[in-house]
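Following: one structure in structure tokens, then a few remarks.
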Amino acid sequence: VLLKYINKLYIHDNIRSTDDEITASLLKLMSNDNFGEAVLILNENTPIGYMIIASAFSVEFNGETAFIDELYIDENYRNAGIGKLALNYAEK
């Protein structure tokens, strides 16, 4: 499911990558909590998008911080405040 949404984002943003490359990167991310996390966004129990939160070290922010590396919400669910909810989740 996650791969399906990543491919949708990459097509939209004209990013070239293969399923094997994406899968390898996801496996690295998911095998080490220090890298961050991949979050599947659900509407009730139906997947409608995803977000990848990546961990980083920043002198400016006095140490560990994180950033949103990718965020995708299915077109049918946009403009409904779901992105804002995802950002609030990431901020916490």
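The values are calculated or read from the model by the stated rules, or taken from the named source; none is laboratory data. Computed from a prediction, not measured in an experiment: that's the story for all the values here. Because the Cβ atoms are built from the backbone with ideal geometry, glycine has one as well, and the counts that use them run over all protein chains shown. Side chains included, ligands, DNA and RNA excluded: accessible areas come from the protein's heavy atoms. Shrake-Rupley method; radii C 1.70, N 1.55, O 1.52, S 1.80 Å.
Accessible area per residue of the chain at 1.4 Å probe, in Å²? Could you put the intermediate results ahead of the total?
Details: 6760 Å² over 92 residues.
On a per-residue basis, 73 Å².
Given +1 on the Cβ of Lys and Arg, -1 on the Cβ of Asp and Glu, and no further charges, what dipole in debye does the chain carry about its Cα centre, rounded to the nearest 20? If you can, show how the numbers build up before the last one.
Numbers: 7 positive and 14 negative charges, 41 e Å.
So the magnitude is around 200 debye.
For a quick check: with amide H placed at 1.01 Å from N, whose amide H comes under 5 Å from ASP74's, ignoring anything fewer than 5 positions away on the same chain?
Sorted by chain and number, the residues that satisfy this are GLY49.
Considering only DSSP states other than H, G, I, E and B, which chymotrypsin sites (Phe, Trp or Tyr not before Pro) in segment 41-92 qualify as loop sites with at most 15 other Cβ atoms within 10 Å? Write out the running numbers ahead of the final one.
Working: sites: TYR50, PHE57, PHE61, PHE67, TYR72, TYR77, TYR89; in loops: PHE61.
Sites meeting the loop and neighbour criteria: PHE61.
Among SER55, ASN79, LEU9, whose Cα projects farthest towards the positive end of the dipole of segment 5-92, with charges put on the beta-carbon of Lys, Arg (+1) and Asp, Glu (-1)?
ASN79
Quick one: P(r) of the chain from all Cα-Cα pairs, 10 Å bins, percents rounded to integers, in order of increasing distance.
15, 46, 32, 7
Counting other Cβ atoms within 10 Å of each Cβ, which GluC sites (Glu not before Pro) in segment 1-84 have at most 12 and sit in a DSSP loop? Let's see the in-between values first.
Values: sites: GLU21, GLU37, GLU44, GLU60, GLU64, GLU70, GLU75; in loops: GLU44, GLU60.
Those that pass, being in a loop and sparsely packed, are GLU44, GLU60.
State the percentage of accessible surface on the chain attributable to carbon and sulfur atoms; use a 1.4 Å probe and exclude ligands, DNA and RNA. Provide the component values of the computation, followed by the final result.
On the way: 3370 of 6760 Å².
Carbon and sulfur atoms account for 50 percent of the accessible area of the chain.
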